[in-house]
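Asks: The following block contains the structure, expressed as structure tokens.
All of the numbers you see were taken from the coordinates with simple rules; none came from a lab. All values derive from a computational prediction rather than experimental measurement. Here Cβ is always computed from backbone atoms with ideal geometry, including for glycine, and neighbour counts include all displayed protein chains.
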Amino acid sequence: MIKELQNVLDGFQIDGQIIFAEHYGSGHINDTRRVIVKNEGKTREYILQKINKKVFKNPVELMENYAAVTSFLREGIIARGGDPDRETLNPIKTRDGKNCLMDEEGEYWRLVLFVTDSVSYDKVERPEQFYDSAVAFGNFQYLLRNFPAHTLNETIVNFHNTPDRYRQLMDAVKADKYGRLSEVEADVEFARAREEFAKTLEIAHAEGKLPLKVTHNDTKLNNILFDKASGKPLCVIDLDTIMPGYSVNDFGDSIRFGATTALEDESDLSKVNFDISLYELYVKGFIEGANGGLTDGELDLLPIGAIMMTFECGMRFLTDYLSGDTYFRTSRPGQNLDRARNQFKLVSDMEKKLPEMREIVKKYSQI
Ligand code: ADP
Ligand code: GN1
Ligand code: MG
């Protein structure tokens, strides 16, 4: 493996030999390795990632976004006196000045500095950590408020268009390519009952109540690196889906992943519950981090964003299960179905607690 990775590394503007390589992190999409490179007696760590071409149809355009956003963030971080080598991602160019490298098999690779002494979490370990992550994601959006949205390529078309995700699920149901439908009829019914709900944010946008902003679109807790020493968030990562989107979806995606009592693929649903105290911490942090940047319409729709992202993600897992598990990485049979049911359980919980969820937003935003 090291020899192949070395060939890739040699195409980038760094010198040295890989002395260690390992698969790294728990992302569902890209093929991520941590590599240690030795040059003239010194070692340095990098993240070398093979970009998932099935998911991202145009890696070159994706990397244009990635390079533009990271250099914009770098300037903002320098301006506020931060450390740009650890507080944002730093991609390294190829020897011919490109943002990613295409290998002989047509696979695309990127190389970024490894953020040293950092850690990411698949589950909230301490409540303050979730509050801190909310401030970080809210602030990330704030830092990008003046980024020219029209220059961004759409890396996945209709990424958080929930009615379109519903349509994709119904297509997969119709095709039933792997004969799994009979097993998931109740789950499909759950989605069907929410067909109208799925349109809520698109309608609010069309009515001018929900603006498009530059958003991250994949704000789960493990897409933040925390500093090992201080325990504080350092760097927002996974910038593949930065596109114009709704702030309430960034809020919502964090809630579905973090404000829960279980991991995303927990199969024992009795252990999966919406944790409203974590939700409250996140609301507080996100509103603070956004620095007054959320409109009344956005604040009003935050709780719906939480239910929407959870519902949408559940539909995406179910679609992938019906389609033979080709999108999200799985490590065991049935994992995508467990993930789908887990998300739907959270949706039911949140629906019951919607009035309280709204009250909490009011408490922190005085709307
Ligand atoms: P995916 O799209 O598959 O989720 P990510 O870009 O999120 O890929 O990377 C997967 C994991 O690798 C992250 O959750 C994080 O733990 C780790 N990681 C990614 N980039 C870095 C980095 N520059 N420094 C340290 N860890 C990183
Ligand atoms: C994927 O790339 P990763 O693992 O951070 C997915 C998200 C889902 C998430 C579910 C590009 O995120 O949209 O919400 O899995 N990313 C993409 O865990 O589809
Ligand atoms: Mg990730």
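Asks: What are the ³J(HN,Hα) couplings of the range 111-125, residue after residue, when phi is run through the Karplus curve with 6.51, -1.76, 1.60 and θ = phi - 60°? Round to Hz, x for glycine and proline.
Replies: 10, 10, 4, 6, 7, 5, 6, 10, 8, 10, 10, 8, 8, 5, 9
Asks: Check which residues have an amide H placed less than 5 Å from Lys93's amide H, if you skip close sequence neighbours.
Replies: Residues meeting the amide H criterion: Gln13.
Asks: Got a sec to turn the phi values of the range 322-329 into Karplus ³J(HN,Hα) couplings, 6.51 cos²θ - 1.76 cosθ + 1.60 with θ = phi - 60°, whole Hz, x for Gly and Pro?
Replies: Per-residue couplings from phi come out as 5, 9, x, 6, 9, 9, 7, 5 Hz.
Asks: Order by neighbour count: Asp187, Asp250, Asp117, fewest other Cβ atoms within 10 Å first, most last. Don't skip to the answer; put the middle values down first.
Replies: On the way: Asp187 21, Asp250 24, Asp117 13.
Sorted ascending by nearby Cβ count, the order is Asp117, Asp187, Asp250.
Asks: To continue, here is another question. Taking amide hydrogens as modeled 1.01 Å from N in the peptide plane, which residues meet the under 5 Å criterion relative to Lys232, leaving out close sequence neighbours?
Replies: The answer is Asp227.
Asks: With θ taken as phi - 60° and the coefficients 6.51, -1.76 and 1.60, list the Karplus ³J(HN,Hα) couplings across the range 338-346 in order, rounded to whole Hz; mark glycine and proline as x.
Replies: Calculated HN-Hα couplings, in order: 4, 4, 5, 5, 4, 5, 5, 4, 5 Hz.
Asks: Place +1 on the Cβ of every Lys and Arg and -1 on the Cβ of every Asp and Glu in the range 2-116, take the dipole about the Cα centre, and give the residue among Gly81, Phe12, Leu111 whose Cα lies farthest towards its positive end.
Replies: Towards the positive end, the residue furthest out is Gly81.
Asks: Next question, about the same structure. For the chain, with the dipole built from +1 on Lys and Arg beta-carbon atoms and -1 on Asp and Glu ones, taken about the Cα centre, which of Tyr166, Cys100, Gly297 lies farthest toward the positive end?
Replies: Cys100
Asks: What pairs from Lys50/Lys271; Lys50/Lys232; Lys3/Lys53; Lys54/Lys345; Lys271/Lys352 go past 24 Å between their alpha carbons?
Replies: Numbers: Lys50/Lys271 35 Å; Lys50/Lys232 28 Å; Lys3/Lys53 22 Å; Lys54/Lys345 29 Å; Lys271/Lys352 17 Å.
Going by Cα-Cα distance, Lys50/Lys271; Lys50/Lys232; Lys54/Lys345 fall outside the 24 Å limit.
Asks: To continue, here is another question. Among 258-264, 196-202, how do they line up from the highest to the lowest mean number of other beta-carbon atoms within 10 Å? Present the calculation step by step, with values, prior to reporting the outcome.
Replies: Working: 258-264: 21.1, 196-202: 17.3.
Ranking the peptides 258-264, 196-202 by packing returns 258-264, 196-202.
Asks: Positive end of the charge dipole of the chain (Lys, Arg +1 and Asp, Glu -1 on Cβ, about the Cα centre): tell me which of Phe137, Met308, Leu181 has its Cα farthest that way.
Replies: Of the candidates, Phe137 comes out farthest on the positive side.
Asks: Quick check on the chain: helices-only [θ] at 222 nm, where DSSP H runs of length 4 and up contribute -39,500 (n - 2.57) each and the sum goes over total residues. Nearest 500, please. The partial results should precede the final answer.
Replies: Details: 12 runs with 162 residues, N = 367.
Theoretical 222 nm ellipticity from helices: -14000 deg cm²/dmol.
Asks: Follow-up question, since we're still on this one. Dipole of the range 134-291, Cα-centred, from +1 at each Lys and Arg C-beta and -1 at each Asp and Glu C-beta, to the nearest 20 debye? Walk me through the intermediate numbers first.
Replies: Values: 17 positive and 25 negative charges, 91 e Å.
Dipole size: approximately 440 debye.
Asks: Suppose every K and R has +1 on its Cβ and every D and E has -1 on its Cβ; what is the size of the dipole of the range 296-367 about the Cα centre, in Debye to the nearest 20? Intermediate results must be reported in sequence, preceding the final value.
Replies: Numbers: 11 positive and 11 negative charges, 61 e Å.
The dipole magnitude comes to about 300 debye.
Asks: On to the next question. Suppose every K and R has +1 on its Cβ and every D and E has -1 on its Cβ; what is the size of the dipole of the range 2-116 about the Cα centre, in Debye to the nearest 20?
Replies: Numbers: 17 positive and 18 negative charges, 39 e Å.
That gives a dipole near 180 debye.
Asks: Order 104-110, 166-172 from most to least packed using the mean count of other Cβ atoms within 10 Å.
Replies: Values: 104-110: 14.7, 166-172: 18.7.
Ranked by mean Cβ neighbours within 10 Å, highest first: 166-172, 104-110.
Asks: Then there is this: Report the percentage of all Cα-Cα pairs in the chain whose separation exceeds 40 Å, rounded to a whole percent.
Replies: Details: 8399 of 67161 pairs.
For the chain, the fraction of Cα-Cα distances above 40 Å is 13 percent.
Asks: For the range 2-116, what is the largest minus smallest coordinate of the Cα atoms on each principal axis, given in angstrom and ordered from greatest to least?
Replies: Computed over the Cα atoms, the extents are 41, 39, 31 Å.
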